[in-house]
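Participant: I have a structure I would like to understand better, so I am pasting it below and will then ask my questions one at a time.
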Amino acid sequence: MELSVDARAFPKIETEALVTYVFEGEKFTGGLLAELDAATGGALSKLAASGELTGKMLETTLLYYPQGLAAQRLLVLGAGKKDKFGTAELRRLAAASVRMLKSRQVKSVAFLARESERSAAAAEAITEGLILANFDSDKYKTEKKSTSEIASAALAGWDAASRADADQGLARGRVIAESQNFARELGNEPSNRLTPRMLADRAAAMAREAGLAVDVLDEKRIADLKMGALLSVAQGSAEPPRMMIITYTPEKLNPAAPVLGLVGKAITFDTGGISIKPANDMEKMKYDMCGGAAMIGTMRALAALKPSCKVIAVVPSSENMPGGRAQKPGDVQFSMAGKSIEVINTDAEGRLILADGIAYAKQLGCTHLIDAATLTGAVVVALSNVNIGVFGNDQAFTDQLLASSKVAGEKMWPLPVDDDYREMIKSGIADIQNVGTGKGGGATVAAMFLKEFAGDTPWIHLDIAGTAWQDDVKPWNAKGATGVGVRTLVDLAMKFGSNGASAK
Ligand code: BES
Ligand code: ZN
Ligand code: ZN
């Protein structure tokens, strides 16, 4: 999608669709909307009086060849209550306009921001909404739909005073949303088209193009490094594992500065292994690599946005298969960190590969760690597909992340990892076991396991099992992989870079 800022007065903007939004119960008595109402011969106030245009969130009112405008259509979206409106809602409105208009063969749009939304953050949110909504996955359809894409979009409503903000927001929003779409593309790939080796090739190609350093560990180097937990998951598959390391180094590196480590689970298919999953819904387990994809997507964005801290993504990748050499319930494995693990359930494989990912990130010098993983069905029970589950061992660091998640419009909810849960992962014969004894708390038990490997390093775990995949089409988004995490992590890394780590 081609993007630009169009600084012309709105009546002069030639586009297939001019888009704007009204709040609930709004009267068109002043400002931009009064001008729009006047230009269109009172169309808005008449529709409002008739009860058709109410401003309810995501309401759509489409006018064709509106009087007084050079645009072929005017789309007025409901923006909900004004006091509940922020950048998250703005992003969603911009996205909803693209989804609606592209289904009507529209190829060009101009999104008219109102006076209250003339900031770089607003321009960024609009840009992200437009690009994220233009994404569809018809890669494997041999007959492409003609409704494919919006070809060009303009940010409108920006005057001389706010133009620089618009340019800045557009540039940043474009990088972030395209990187999120990159993560979504990977998440949507079927497992036969994205094995650990193929994922590594795609991550490496991205890194080279973006100017990032990349190292891919093959099975031999993984074995040399004694990553026994990752190897134990991979041993049941004919496909060898990979560990990707993508590094961003700022131009002026302060050697004493904190280093952010991003560890992502990338199981390209999770059958459960010998503790095999039921057939129903198993096809979805191709998205069990979305934590890794989020980290790879984040690195893509950071390469362009250049935070002032060093960031290292570590992505362990494997299939989880029940082959003849597969590990069996009760097997004991030694992780890279030296801890022994009794594998009670081979379907709790994500925490195994992350254990070695976390250990390696620490060895590479990361001072702060964030992992993202489609880790547990339990987090879906707790938070459904609405919030990411957040766990951490350092409150200040976790608070930074939660603040970034608000800016990014990615919902997160903190869950506990306190020592009273430690009992549940004690093993009879090894240091720890990979599932909990006792009842419930599955998402916390998984986090407790990871916490053992994070040790004293400030660490945050994001369980994205419920949020990395969307089952149905939303008015603002295609179904499938969501690329969740990318926006929050980019925001955090940029701030982490500029004010150092406030944590610890
Ligand atoms: N990949 C799954 C978790 C998952 C579930 C992701 C649903 C997305 C949607 C993970 O590897 C897994 O199987 N976890 C088990 C752990 C259990 C055996 C302790 C689970 O949650 O059932
Ligand atoms: Zn599993
Ligand atoms: Zn899994």
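The values are calculated or read from the model by the stated rules, or taken from the named source; none is laboratory data. Fair warning: this is a prediction, and the values are worked out from it, not measured in the lab. We place every Cβ from the backbone using ideal geometry, glycine too, and count neighbours over all the protein chains shown. These area figures cover heavy atoms from the full protein model, side chains too; ligands, DNA and RNA do not enter into them. Shrake-Rupley method; radii C 1.70, N 1.55, O 1.52, S 1.80 Å.
Participant: In the stretch 321-349, what residues are part of a strand (DSSP E or B) and out of contact with any Phe, Trp or Tyr (no Cβ under 7 Å at 6 or more places or on another chain)? Break it down into steps so the answer makes sense when it comes.
Facilitator: Just the residues of the stretch 321-349 that are part of a strand (DSSP E or B), to begin with: 331-334, 340-343.
The answer is Asp331, Val332, Gln333, Phe334, Ile341, Glu342, Val343.
Participant: When you look at Glu178, is it at pLDDT 95 or above, more than 16 Å from ligand 3 (Cβ to nearest atom) and either charged (D, E, K, R) or open to solvent by less than 20 Å² (accessible area, probe 1.4 Å) (or both), yes or no? Talk me through it step by step, then tell me what you get.
Facilitator: On the way: at pLDDT 95 or above: yes; more than 16 Å from ligand 3 (Cβ to nearest atom): yes; either charged (D, E, K, R) or open to solvent by less than 20 Å² (accessible area, probe 1.4 Å) (or both): yes.
Here the answer is yes, as Glu178 does meet what is asked.
Participant: Looking only at the stretch 242-265, which residues are under 20 Å from Leu462 (Cα atoms) and away from ligand 1 (no atom under 11 Å from the Cβ)?
Facilitator: Met243, Met244, Ile245, Ile246, Val259, Leu260, Gly261, Leu262, Val263, Gly264
Participant: Out of the stretch 326-357, which residues are within 15 Å of ligand 2 (Cβ to nearest atom), crowded, with 24+ Cβ neighbours inside 10 Å and of a type in the set (D, E, K, R)?
Facilitator: Matches in the stretch 326-357: Glu349, Arg351.
Participant: From Val386, Val343, Val380, which residue is in contact with a Leu (Cβ under 8 Å, 6 or more places away or on another chain), touching a residue at least 24 places away in the same chain (Cβ under 8 Å), of a type outside the set (Ser, Thr, Tyr) and over 28 Å from Tyr248 (Cβ atoms)? Can you show your working first?
Facilitator: Values: Val386 fails: in contact with a Leu (Cβ under 8 Å, 6 or more places away or on another chain); Val380 fails: in contact with a Leu (Cβ under 8 Å, 6 or more places away or on another chain).
Sole residue among the options that is in contact with a Leu (Cβ under 8 Å, 6 or more places away or on another chain), touching a residue at least 24 places away in the same chain (Cβ under 8 Å), of a type outside the set (Ser, Thr, Tyr) and over 28 Å from Tyr248 (Cβ atoms): Val343.
Participant: Of the conditions (1) of a type outside the set (D, E, K, R); (2) in contact with a strand residue (DSSP E or B) (Cβ under 9 Å, 6 or more places away or on another chain); (3) over 24 Å from Asn254 (Cβ atoms); (4) buried (at least 22 other Cβ atoms within 10 Å of the Cβ), Ala430 satisfies every one except a single condition; which number is it?
Facilitator: Failed condition: (4).
Participant: Where in the stretch 1-113 are there strands (runs of 3 or more DSSP E), lying wholly inside it, with at least 2 residues that are open to solvent by 50 Å² or more (accessible area, probe 1.4 Å) and either out of contact with any helix residue (DSSP H, G or I) (no Cβ under 9 Å at 6 or more places or on another chain) or touching a residue at least 40 places away in the same chain (Cβ under 8 Å) (or both)?
Facilitator: The qualifying strands (runs of 3 or more DSSP E) are 2-6, 60-64.
Participant: Hey, another quick one. Which of the residues that make up the stretch 350-377 are farther than 18 Å from Gly436 by Cβ, assigned to a helix (DSSP H, G or I) and in contact (Cβ under 8 Å) with a residue 60 or more places away in the chain?
Facilitator: Scanning the stretch 350-377 gives Ile353, Asp356, Gly357, Ile358, Ala359, Tyr360, Ala361, Lys362.
Participant: Within the stretch 147-254, which helices (runs of 4 or more DSSP H) (wholly inside it) include 2 or more residues that are among the acidic types (Asp, Glu)?
Facilitator: Fully inside the stretch 147-254 and qualifying: 163-188, 196-210, 219-224.
Participant: I would also like to ask the following. Are there any pairs with C-beta distances below 8 angstrom linking a residue in the stretch 403-421 that is surrounded by fewer than 18 Cβ atoms within 10 Å (Cβ to Cβ) and modelled with pLDDT of 95 or more to a residue that is among the hydrophobic types (A, V, I, L, M, F, W, C) and in a loop (DSSP other than H, G, I, E, B), with the two at least 6 apart or on different chains, and if so which?
Facilitator: Every condition considered, the pairs that remain are Lys411/Val386.
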